[in-house]
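Engineer: Attaching a single structure in structure tokens format; questions to follow.
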Amino acid sequence: KWFAIHNVANRTAHVHMRQPDQMHFFCATDERLQWLEKDFPDYLKALDNSCKRSGKKFLSAETYEALLLTSKSTVLCVKFLLESGFFYVLTRNLSSDPVELLFSSLRQMAGGNDCLDARAVTFSLERILRTGNLCPSQSSNM
């Protein structure tokens, strides 16, 4: 269900494929948004507790947090767009890739350091603004 909700690509696929979870969002009180906001996190928490009790492995902490963050972000984004006057929302193209590209570029400009300090981030952001390039060309010596 989670993947179906995040893969809404058009306004008719839910009819042809008989997948009600892939219907476009047109109401901020849609039950799928409530499922993402309340039921899905509760389900993950129960699954995590069950795995801990039985000694089995669960999702990594990062994956767990990413699922919760993506779910919450999707709910907030869809509600915001609908309340701002959009007639419907398709979730397939909602993506954090541009943000991840920026963070990746900042780390790369700091020499691949995963623990960036404020000075390194400021320097890298200023460099991006000066050059207009997020990533240097493969053939450059930059």
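Here, each number is a calculation from the coordinates, and none is a lab measurement. No experiment lies behind these values; they were computed from the predicted model shown. In this analysis, Cβ positions are derived from the backbone assuming ideal geometry, glycine residues included, and neighbour counts consider all displayed protein chains.
Engineer: For the chain, give the magnitude of the charge dipole about the Cα centre (Cβ charges: +1 Lys/Arg, -1 Asp/Glu; no others), in debye to the nearest 20.
Structural biologist: Roughly 260 debye for the chain.
Engineer: Helix 40-54 versus the longest principal axis of the chain: what angle, 0 to 90°, nearest 10, using Cα atoms?
Structural biologist: Rounded to the nearest ten degrees, it is 80.
Engineer: Sticking with this structure for a sec: Which whole-number percentage describes the relative contact order of the range 2-83, with Cα contacts under 8 Å and a sequence gap of 6 or more?
Structural biologist: With pairs under 8 Å counted, the relative contact order is 28 percent.
Engineer: Under the classification rounded if a/c is under 1.5, otherwise prolate if a/b is larger than b/c and oblate if not, where does the chain fall, given a ≥ b ≥ c as square roots of the Cα gyration tensor eigenvalues?
Structural biologist: Since a/c reaches 1.5 but b/c is at least a/b, the shape of the chain is classed as oblate.
Engineer: Another one. If I fit a long axis through the Cα atoms of helix 97-109 and take the longest principal axis of the Cα atoms of the chain, what angle between them do I get, 0 to 90°, rounded to 10?
Structural biologist: It is inclined by approximately 20 degrees.
Engineer: Which FRET efficiency, nearest 0.05, do L69 and R18 yield, Cβ-Cβ r, R0 25 Å?
Structural biologist: That pair, L69 with R18, gives E of 0.25.
Engineer: Relative contact order of the chain, please, whole-number percent, based on alpha carbon pairs below 8 angstrom and at least 6 residues apart. Walk me through the numbers on the way to the answer.
Structural biologist: On the way: 97 pairs, mean separation 34.9, N = 142.
Relative contact order here is 25 percent.
Engineer: Express in nm, to one decimal, how much length is gained between R130 and F80 on full extension, taking 0.36 nm for each residue of separation and deducting their alpha carbon distance.
Structural biologist: This chain segment gains 14.7 nm when fully extended.
Engineer: Rounding to the nearest 10 and keeping the result within 0 to 90°, find how far the Cα-based axis of helix 118-131 lies from the longest principal axis of the chain.
Structural biologist: The two axes meet at around 80 degrees.
Engineer: Quick one: putting +1 on the C-beta of Lys and Arg, -1 on the C-beta of Asp and Glu, what dipole do you get for the range 20-67 around its Cα centre, in Debye to the nearest 20?
Structural biologist: 400 debye
Engineer: Related question: Taking the alpha-carbon distance from K57 and a cut-off under 14 Å, which aspartates and glutamates remain once sequence neighbours fewer than 8 residues away in the same chain are dropped?
Structural biologist: Correct list for K57: D48.
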